[in-house]
Structures are given as structure tokens and as C-alpha cells.
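Q: Here's a structure for you.
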Amino acid sequence: MTLTSTSDEELMAAVRADDLDQLVPLFERYHGPLFNYLTRLTNDRDLSEDLTQTVFERILKYRSSYQPTQPFKAWVYQMARNVHADHWQRQQKLRVADTDVEDVERTGALRGGAFSQMRVSNSHDDLHEALNLLPVPQREILVLNRFQGFGYEEIGKLLGCTAEAARVKAHRALQALRKIYFAN
Amino acid sequence: MKTPELSACHELEALLPAYVEHSLPAAEAARVAAHLPNCPSCQLQVTQLRALTNDLDAALPEVPRTVLRANFMAMLEEQKQLLKPDAAVAKPVAAPAQPEAKVVSMWPTAGLNTWMRVAASIVLIATGVLLGRNLHWGPQGSTEVATAASDSNQQTHTQLARALTPANGQVVSASDRIQLVNNSTKETEPGDATVQVLLNTLNFDPNPNVRLATCEALYRLRADPRVREGLVHALSVQTDPNVQITLIDMVVSMQVRRAVPQLEKLSKRPDALPVVRAQAEAGIGKLI
């Protein structure tokens, strides 16, 4: 028996080869951080549990497309970003459909929903409230950097920019957050 | 009018986060340190950034409910059950070892540098020029091609459509069709009807080389939303491996995420070459 833990990439290579049980240790390593990442993006815990589940479903569904040479962490976070983006797009479509109907009552209900959403966020602490006021791209970069421990190099790869550009973006986001956080 | 202090503050503001996290180069850190004692506003910013960083570091992680683990385990069990009969069927008919094949992408993939894009365009242009020269040698083709080239500025999509489809009884040779397709995108803008003509060519032209040239022409018009739709559709109908691989490269390079279901089907199509199926799988990996 060996004490060295198996790497993410080795585990995922086994999952790719249909040894699905090897996804369990990967779930243990990643479901917390992924849930954290998605919750800070969506500000909705129930939804984030669903989205986290979707990420693992996609890992299984598309396991054969995993290239063993690519870092698992980057792959899984890219997938989580896409899952979040898909959810966002679906929401946008729903909103557009609602406006097309021009149903006054429904619009009222939507606004009511938005306000109750605000009340939920008010019950969170100030920091989370301030974070939620940032635009999603800025929030995301801070979450990756500060809560997920991503270096600028990794963030750059994930967002498709250079490490230096990621650093500049992160610093801008931090300044934006500072202005909101200390506004009063 | 800005005072020198204010513009210095404005300039230093961008450096303050890096100063707080001690990642500024020594020279710039010294500049900030020299400025701070005389500037209460920047001092306040530094204090706030330090407090914010501490609060961010102290924030407790969000922890999911245990139901997430239970749901995951249920989903995993389901998938394992699905796999069992498949495995029993798959084992006796072990697939013959497939030779390793390497596919070189014609299109720059997402992370590639600009110089790769430039290099790729040079190759494309060079191919176009070579092709053009070859075409001038043909006695019949030369006049048509010369006309096509000289008229390319005024060329309308209807003329192009007529030339590309053999409806008028006069069949234009495949190499001439390639030339027409290559010329078609020189003076067109997104939204142009040329896109529709090219999509028709991609779907219906019998010659795979013409279809390949059409792919390249469509890639140049990729700003048009119809191109993305058309490529996704083409993935499901094209059977030539070169065209299939080209299409996969294009949808990956253009980040057409809604192509994933088609790629998935392609990766499982028994009539597709192993190299195409592998390329489709790799494409899914980059898009999901």
C-alpha cells in the first residue's frame, strides 16, 4: 500500500477508462471549492448545488474527451465556468421571453422576485454584499484569486489572457471592491 | 486643472493593490513609499486595501449541504449501472488496435498566439496565390477565372450562386469553383448574401475540395451569426473526413459551444474514421 495520493490526472485517466469509482476522490477534492466558486458567482446556494452536480454529470458524460495531458483542475474549472455561463444564458432567454409577453402582472412578479433576492443578500455579511455588487467578470477574478487560490498564471489560462493581464484585472477588481466596501 | 499631487495619486492608484500584496518591483515600491507620507488620500486607500485583503482572507468558505454528496453518489451509481450491460457487450468484440494518428489543426486554437494566426493567414494566402496561378494555365478556366478576379469587386451573390450551381447546364470545374469561392469573400461584409450561397455550397457541392475551400471562406466571414449555425448543421451531414476535421477545428476555434451535441454524435458515428472521432472528442473537451 502506498501513502502517496494519486494525482487528479491519474484519477481522471481512470475515470476516462470507465473506472467510474475513481471519480469519488475527485468529487471529495473538488466539490467544496467548486460549490464555493459557483455560490460566490450566483449568490444562490441551492442553485449552486445544482450547478455543482451538473459539473460532475458533465465530467462523466464527456469523460472520453478528457486529454490526460491537460491539468484536471483547469479542465474542471473551465467546465464550471461554462455551466455557469449556460445557466446565465438560459436566465437571459427567460427574461426576454417574459418581456415579449408584456404581461404586467408577470413583470410585477419578476420585480418582486428581484427584491426578495436583494433581501436575501442583505442578510449576508457586508463583504458578500459588496462582492455581489461587482460585475460578474470582476467578481469571478477575485473569487478565483482570493477564495480559490488561483495564481495569475492559472487565471490567465482560464480566462484566455496573459498572467500580467490577469494581475491587472485582479487589481482593478480589488480597487472596485474597496470603493464599494468602504462607500459609507 | 489637475494639481501635480492629484495626477501622481491617480497614477499610483493602480499600483496600490500590488504594493499592499508586496508584488511591486522595487523601484515602483520605493516610489509609492516615498509618496505615501505626504498623501492622506493614498494612505487611506492602502489602509482600506489591507483591511479588505484581511477580510477576504478571513471569509469562511461556503460549505454545501450533504445532499450534494448523496445526489452525486446516486448519479454515479446510475452511470455505473448503465455501463455494465455496455461493458458485457463491448468486451467480446474487442476493437482492433487503431493506429495512432496525429491531427494538425488548420485553425488557431483558443490559446494560440497572434503570430500563429498571422502565420496561418500567410499560408492561406500563399495557397490561394498558388491555386490562382495554376488555374490560369487551363484554356477554358482562364477566361472565367480572369473575369471572376477582375469582376470580384462588383460580383454579386446571385452571379456567384449561378456560377457555383450547375443549374444552367454549364458545369464549372471544381478548381474554378474553388477559385470563385476564394474570391467571394474578398469584398464582402458580414450580413452579405454571399454567406448563404457559401453555406449552400458547403452543403451541396459534390467535391470535398470545394467544400474545404468554402469552409475557409466561411471562416473569414465568421462574424456573421449564420456561419456558426451553418457549421453546426454541416457537422451532422458531412461525411468526408477532411471536411469533418476542418469543421471540428473551426467550431472549436470559434468557440461554438452549441456544436457539442453534434460533436458528440460524430464521436460515436461508426462510419466516421477513428481520427475524426478522436478529433471530435478532443473538440468536446475544449468546448464543454
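Q: For the residue pair residue A:94 and residue B:30, what label-to-label distance in nm results when each label sits 7 Å from Cα along the Cα-to-beta-carbon direction?
A: 5.8 nm
Q: Provide the packing ranking of B:202-214, A:13-25, i.e. peptides ordered by the mean count of other C-beta atoms within 10 Å per residue, highest first. Walk me through the numbers before you get to the answer.
A: Numbers: B:202-214: 19.5, A:13-25: 16.3.
Answer by packing, highest mean first, reads B:202-214, A:13-25.
Q: OK, next. Calculate the spin-label point distance for residue B:203 paired with residue B:8, positioning each point 7 Å from the Cα along the beta-carbon direction, and give it in nanometres.
A: About 6.8 nm separates the two model spin labels.
Q: Which order do peptides A:159-166, A:148-155, A:52-59 fall in by mean Cβ count within 10 Å, highest first?
A: Details: A:159-166: 14.9, A:148-155: 17.4, A:52-59: 21.2.
Ranked from most to least packed, the peptides come out as A:52-59, A:148-155, A:159-166.
Q: Additional query: Which of the residue pairs A:73/B:80; A:93/A:179; A:61/A:93; A:73/B:265; B:80/B:286; B:80/B:268 have a Cα-Cα distance greater than 29 Å in the structure shown? Present the calculation step by step, with values, prior to reporting the outcome.
A: Values: A:73/B:80 24 Å; A:93/A:179 32 Å; A:61/A:93 25 Å; A:73/B:265 27 Å; B:80/B:286 25 Å; B:80/B:268 19 Å.
Over 29 Å Cα-Cα: A:93/A:179.
Q: Report, as a whole number in µm² per second, the diffusion coefficient that Stokes-Einstein gives for segment A:18-58 at 10 °C and 1.306 mPa s using the Kirkwood radius over alpha carbon pairs.
A: Working: Rh = 10.5 Å.
It diffuses with D of about 151 µm²/s by this estimate.
Q: Let me ask something else. Count, for each residue of B:64-70, the Cβ atoms from other chains sitting within 10 Å of its Cβ, then give me the mean as a whole number. Write down the numbers at each step before the final one.
A: Numbers: counts 12, 4, 0, 3, 11, 4, 0.
Mean shielding count: 5.
Q: Over the whole of A:17-25, what's the average partner chain Cβ count within 10 Å per residue? Rounded to a whole number, please. Before the final figure, lay out the partial values.
A: Details: counts 0, 6, 2, 6, 2, 0, 5, 4, 0.
Neighbouring Cβ atoms belonging to other protein chains average 3 per residue here.
Q: If R0 is 25 Å, what FRET efficiency do you get for residue B:66 and residue A:6 from their C-beta distance, rounded to 0.05? Could the numbers behind the result be given before it?
A: Details: r = 25 Å, r/R0 = 0.98.
Calculated value: 0.55.
Q: Can you pull the mean other chain C-beta count within 10 Å for peptide A:62-68?
A: On the way: counts 9, 3, 9, 14, 5, 4, 0.
Per-residue shielding by partner chains comes out at 6.
Readers should treat all values here as calculations from the given coordinates under stated rules, not as data from a laboratory. Bear in mind the structure is a predicted one, so any value in this text is a computation, not a measurement. Cβ coordinates were reconstructed from backbone atoms using ideal geometry, including for glycine residues, and neighbour counts include every protein chain displayed.
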